[in-house]
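Okay, so here's the structure we're looking at.
The values are calculated or read from the model by the stated rules, or taken from the named source; none is laboratory data. Please read these numbers as outputs of a predicted model, since none were measured by experiment. Cβ atoms come from the backbone with ideal geometry, glycine included; neighbour counts cover every protein chain shown. Each accessible area value is taken on the protein alone, full model and side chains, heavy atoms only, with ligands, DNA and RNA left out. Shrake-Rupley method; radii C 1.70, N 1.55, O 1.52, S 1.80 Å.
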Amino acid sequence: MADDLGDEWWENQPTGAGSSPEASDGEGEGDTEVMQQETVPVLVPSEKTKQPKECFFIQPKERKENTTKTRKRRKKKITDVLAKSEPKPGLPEDLQKLMKDYYSSRRSVIELEELNLPDSCFLKANDLTHSLSSYLKEICPKWVKLRKNHSEKKSVLMLIICSSAIRALELIRSMTAFRGDGKVIKLFAKHIKVQAQVKLLEKRVVHLGVGTPGRIKELVKQGGLNLNPLKFLVFDWNWRDQKLRRMMDIPEIRKEVFELLEMGVLSLCKSESLKLGLF
């Protein structure tokens with residue numbers, strides 16, 4: 001009886017007990033699931049290793065930005081520099097300094113001293129309040145008398161030197177109140193040939209010449225313009241172009257001005273027969 005009851009009791013036990021084979025199989029599957037869950041954190045270190053790579057790609061970008069910024073800061077245009085500088089009237093010392101800087105590598109110390117011009121050969125400089133007509137009236141109050149006594153051809157009494165043909169036309173229009181009945185000639189290269197200007201100077205008496213230093217220098221070289229009767233040489237000193245450059249800030253113009261000065265202008269200044277003005 002006891003054995004029969006024991007067998008019945010054993011058969012009626014629920015499945016899933018720890019001693020049954022099926023239960024052992026189920027526990028095995030559970031163990032594999034637990035082991036798979038435990039292997040998931042192993043992937044974390046591989047993700048951490050990606051972080052330095054992200055930092056590595058960021059650094060070159062920052063360097064490129066820094067290099068571009070430094071390059072942009074180094075590029076300074078003349079226009080930017082001149083825009084910050086306040087306009088100042090030209091002085092005789094400015095011309096003297098430019099001459100020394102230009103000839104310092106070409107002349108000896110003794111020759112540089114010979115280039116120094118006396119203060120007496122300079123006219124009163126423009127204080128930036130004058131128009132061209134009012135300035136010319138101030139530096140040449142006896143213009144009418146000089147104009148009437150002038151009768152030599154191939155020469156002028158007054159030369160006004162500027163940087164371009166367009167600026168020369170502007171100056172001619174702005175000096176109407178001063179010139180009166182005086183004859184004016186355009187001395188620039190744009191649309192006008194040298195031989196045509198030589199013929200005009202040979203045919204009639206001219207009192208005023210307005211133009212660029214390159215064309216004036218060429219006329220003197222070819223004998224079409226005689227500088228000996230010249231009494232006044234005025235530089236369009238303070239005017240600035242669209243790039244805020246003055247006439248003497250342009251290397252090509254500056255070179256032509258000094259070459260023209262060597263073609264007899266400096267000797268006339270030292271003899272005090274010619275006066276220089278900075279408008």
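Could you compute how much accessible surface residue 181 exposes when probed at 1.4 Å, giving the result in Å² to the nearest 10?
That residue has around 120 Å² of solvent-accessible surface.
Give me the net charge for the shell around residue 96: Cβ to Cβ below 13 angstrom, other residues only, Lys and Arg +1, Asp and Glu -1. It would help to have the intermediate numbers written out before the result.
Values: positive: 97, 100; negative: 93, 94, 101, 113, 114, 119.
Net local charge, residue 96 excluded: -4.
Give me the percent relative contact order of the range 88-278, please, defined on Cα pairs under 8 angstrom at least 6 residues apart. Can you show the working numbers first?
Working: 279 pairs, mean separation 54.0, N = 191.
In percent, rounded to a whole number, it is 28.
For the range 100-141, which semi-axes, largest first and in whole Å, follow from the square roots of 5 times the eigenvalues of its Cα gyration tensor?
On the way: eigenvalues 207, 28, 9 Å².
They are 32, 12, 7 Å, listed largest first.
From the protein chains alone at 1.4 Å, what is the descending order of accessible area for 91, 169, largest first?
Working: 91 85, 169 60 Å².
Putting 91, 169 in descending order of accessible area: 91, 169.
Quick check on the range 88-278: of the DSSP beta bridges with both residues there, what percent are antiparallel, nearest 5%?
Working: 1 of 19 bridges.
Within the range 88-278, antiparallel bridges account for around 5 percent of the total.
What is the sum of charges around residue 124, taking Lys and Arg as +1, Asp and Glu as -1, for the other residues whose C-beta is under 11 Å from the C-beta of residue 124?
Details: positive: 275; negative: 127, 138.
Value of the local net charge: -1.
Taking all protein chains together and a probe of 1.4 Å, list 150, 191, 130 from the most accessible to the least accessible. Before the final figure, lay out the partial values.
Details: 150 20, 191 175, 130 55 Å².
Reading off the accessible areas and sorting them downward yields 191, 130, 150.
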